[in-house]
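The values are calculated or read from the model by the stated rules, or taken from the named source; none is laboratory data. Note that the structure is predicted; figures quoted are calculated from it, not measured. Glycine also receives a Cβ, built like all others from the backbone with ideal geometry; neighbour counts cover every protein chain displayed. Side chains included, ligands, DNA and RNA excluded: accessible areas come from the protein's heavy atoms. Shrake-Rupley method; radii C 1.70, N 1.55, O 1.52, S 1.80 Å.
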Amino acid sequence: MITRETLKRLEFDKILAEIATRVHSEVTRQRLQEQMPLGEMEGIVLLSGRVAEIRSLGGLGIGLRLAQFEDIRPLLETLRPSGAFLAPQELLLFLPVLRVFNDISRQFAPRSDIPLLLALEPPLKPFADILEPLAASIDSDGSIMDSASPQLREIRRAKRSLSARIRKKIEEIVRDSNIEIFLQDDFITQRSGRWVIPVRMDSKGMVKGVVHDVSSSGETAFMEPLEIIPFVNELENLNAEEKSEEIRILRQLSAWIREDAAAIGGCFETLLTLDVLNAIARFADQYGLETARMNADGRLRLAGARHPLLLMLQHQGVLPRVEALDLTLGGAGPTHKPEADQGSDEGATQALTRPLATLSQGERGSSASVMVITGPNAGGKTIALKTAGVLTLMALCGIPVPADGARSSFPLLDTLLVDIGDEQSIEESLSTFSAHVARIAAILQQAGPRTLVLLDELGAGTEPQQGAAIACGVLRDLQQRGASVIATTHLSEIIGFVHRSPGMINAGMEYDAESYTPLYRLISGEPGHSHAIDIARRFGMPEQVISFAREMLGTAGAEFTSLLAELRRKREELVEDRRLLALQQEQLNLTQRELDSRAAAMEQARREVREKAWGEARELISASRKRMNELLDEYKREKRSEIIDRLRRSEEEITAQLRPQAGEAGQGPPLEDVKEGDSVHVRSLGHNGVVLQLMPKQGRARVRAGSIELEAALSDLFAPSGKGGDRPRTPSGGAWKTDAAEGEERELKLIGLRVDEALDRLEPFLDHASLGGLREVRVIHGLGTGRLRDAVRECLARHPLVESYRPGEPHEGRGRCSEE
């Protein structure tokens, strides 16, 4: 269990007090300041999730419709007995509460993006049947309004009318010349609820009326004229009726509240919860806090953490900036330890001279359950300790934390034990050391698994060697009990013990050795140094004292300081190496993306070249086929021999167009002697280019073709065209052209081809059969689904060179067609 004393030592109460300035009720303030850390993961996640939902609504510009309200629970207790009723001022306290119930219930009703808030029990109800008559009955000053009931409105109307008649009657009496001479003054007032006029004491017998009061000087008598007494008596009767009606209204309103007292009380508890959650959300938004992630494996990880009280000072302009804290404690992982003699100072020195890898955060910090922080005075050790503690408390209370929420993680704890501050007591005869010892002894009795222990200035207040020995024993005992420990100390003797002990890690506060100023940055895996002599010199200590102190310190201290400096230097080198490695990796990634982009551009260029070449080829084929059909039609009509000659000449012209010209790029053997800067033709690409780099061992060259750079095989490089020839090469017509030597063939097999492929072959076959003078040919299309057969027959039926066709005979094979 985490005690209130622990919260106070970590100044958590100050954070709660700051959050409490954002609530809307004194009762909420008290509840918030009594907030205690939760021990169940489910409750913490639920609380932080509800805060996150309120913040998400705020991000949409939607704030909870909260307003100032008072505690109504004592009034509900007052109404518990039957027949009890509340005064108007007490009923007035219900109005803001019921209005908030109504506003928030209406605000939540249509939403589906706040499931955790909607799951609050009991949900807020509008209580419109109470709110509406209450608002119509009680004014903001606590008086009962005329609209409370028709009877009350009529009574008060009659009272106002009668009061006006009484005033008018008295004014007439005052203006009477027979009375005016006896008056002390000409004003009209009231005494004891009766209307009176001021009459001189020596003339009170001259005015008919009743004396109700006398002035303090005794010179004036306040008399009620006899003429208005009947009217005033009637007014008193109306006052009595008014009072009776007001009591009836108060009883009715109180009875309605009594009927729903349990529901109203439950909703009031929900309202208090919402007010607390809203205050936390507003606090988190103001300081940019993030939702804390919890874990059940005892791991404490802080990334970019800042103490909230320091953030407040920065927000007020007191501090220019707050240094972030990175810290990792606990968690599973291998532990690497150098061997050393734990029983001697030499062993500690040997441990410190091990390679820096033995102190690396990656190997030890992730699995260590004990961290000892050393460093200079006022260097931030205690702030780091308190930051870890107070952020853990915030996380356990479901409060967002000033840290990187994605990289930070907080353990679920049973208890948090601290020894921070001086408990010296004259009354109890406790010195600083004995007070610390007593506190640590109590901590040892309570510590166990799921315990975080924070110890400030461990081993201080007594002889250093014995204090260090006790401190090492305390750390060892806490580790064996399974507790996680963060401790600060100035005793360098503890550093060697921590370095040699598995599951423990040193950490230090970074210090600028040149300016002798602390940097307030925690370095895990590297012990710090107090720099007491340097700091003393900085603050004006005489040089002779500094020199004597260095002599007293001896070479051992100097060697220790030198070792720490060497460790720091190696760490900085590793950090720089990691930075350079990250830059190299980034450059490699950039180069890879550029290569991928170029490869995609090359592939796109090749596709465009192929599509353009095939397009030109199709156009040439279409034009040639049209020309051939025209000549064949003419030949069929006229049967003249010169038509045959024209057909053959046309074929030769088409063949010449399709055949690459002499000297055209990409023809002949590949270039044998290629040098950088030569112009070449890349046959696979169909474009000219310039050789940028030769790679003879790989048999390749780097070529720039237009704006594209690519690698090509040397065997793919040919002499460029005479005109620069950057046009794609035209594909040959060998796929469809029938050579003259094949003109004697009488049979065409189309089995297995698609319709469009078959027709592309059938057209040139018929053309060349006609040119060859064949009278009959065979076209074999197979069976299949019949689509190819139908397409072939349809083509033969409309072809100008085909006079007739017939299906194949059984002895010729089914699925054949003949042309006569």
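Of all residues in the stretch 103-118, those that are touching a residue at least 60 places away in the same chain (Cβ under 8 Å) have Cβ atoms under 6 Å from Cβ atoms of residues that are surrounded by 11 or more Cβ atoms within 10 Å (Cβ to Cβ), 6 or more apart or on another chain, in I104/R65; I104/L124; I114/E53; L116/G49; L116/R50; L116/E53; L117/R50; L117/E53. In this entry, P502 is excluded by the filter for residues that are farther than 26 Å from K386 by Cα and at pLDDT 85 or above. Any chance the stretch 219-232 includes a residue that's over 16 Å from R165 (Cα atoms), free of Cβ contacts under 8 Å to residues at least 60 places away in the same chain and open to solvent by 30 Å² or more (accessible area, probe 1.4 Å)? Yes, there is a match, as at least one residue in the stretch 219-232 is over 16 Å from R165 (Cα atoms), free of Cβ contacts under 8 Å to residues at least 60 places away in the same chain and open to solvent by 30 Å² or more (accessible area, probe 1.4 Å).
Scanning the stretch 464-490 for residues that are in contact with a Leu (Cβ under 8 Å, 6 or more places away or on another chain), of a type outside the set (D, E, K, R) and assigned to a loop (DSSP other than H, G, I, E, B) yields A483, T489.
Against the condition surrounded by fewer than 18 Cβ atoms within 10 Å (Cβ to Cβ), at pLDDT below 90 and either over 60 Å from the mean Cα position of the chain (by Cα) or not basic (K, R) (or both), how does S216 come out, does it pass? Here the answer is yes, as S216 does meet what is asked. Criterion first (modelled with pLDDT of 85 or more and open to solvent by 30 Å² or more (accessible area, probe 1.4 Å)) does T189 satisfy it? Criteria not met by T189. When the residues of the stretch 124-165 are narrowed to those that are assigned to a loop (DSSP other than H, G, I, E, B) and not small (G, A, S), which ends up farthest from the chain's Cα centre (by Cα)? Taking the candidates together, the pick is M145. With the structure loaded, tell me whether L753 is part of a loop (DSSP other than H, G, I, E, B), at pLDDT 80 or above and open to solvent by less than 80 Å² (accessible area, probe 1.4 Å) or whether it fails that test. So L753 fits the description; yes.
Scanning the stretch 91-111 for residues that are of a type in the set (V, I, T) and touching a Phe, Trp or Tyr at 6+ places or on another chain (Cβ under 8 Å), we see that the one that is surrounded by the fewest Cβ atoms within 10 Å (Cβ to Cβ) is V97. One residue is enough: does the stretch 556-564 have a residue meeting the conditions surrounded by 12 or more Cβ atoms within 10 Å (Cβ to Cβ) and either modelled with pLDDT of 80 or more or in contact with a Leu (Cβ under 6 Å, 6 or more places away or on another chain) (or both)? Yes - at least one qualifying residue is present in the stretch 556-564. Of D726, D790, all but one fail to be modelled with pLDDT of 60 or more and either among the hydrophobic types (A, V, I, L, M, F, W, C) or not in a strand (DSSP E or B) (or both); the exception is D790.
Take the residues of the stretch 294-348 that are modelled with pLDDT under 90 and of a type in the set (S, T, Y): which is surrounded by the fewest Cβ atoms within 10 Å (Cβ to Cβ)? In this case the residue turns out to be S344.
Would you confirm whether or not the stretch 578-601 contains a residue that is surrounded by 11 or more Cβ atoms within 10 Å (Cβ to Cβ), among the small types (G, A, S), more than 30 Å from G525 (Cβ to Cβ) and at pLDDT below 85? Yes, some residue in the stretch 578-601 is surrounded by 11 or more Cβ atoms within 10 Å (Cβ to Cβ), among the small types (G, A, S), more than 30 Å from G525 (Cβ to Cβ) and at pLDDT below 85.
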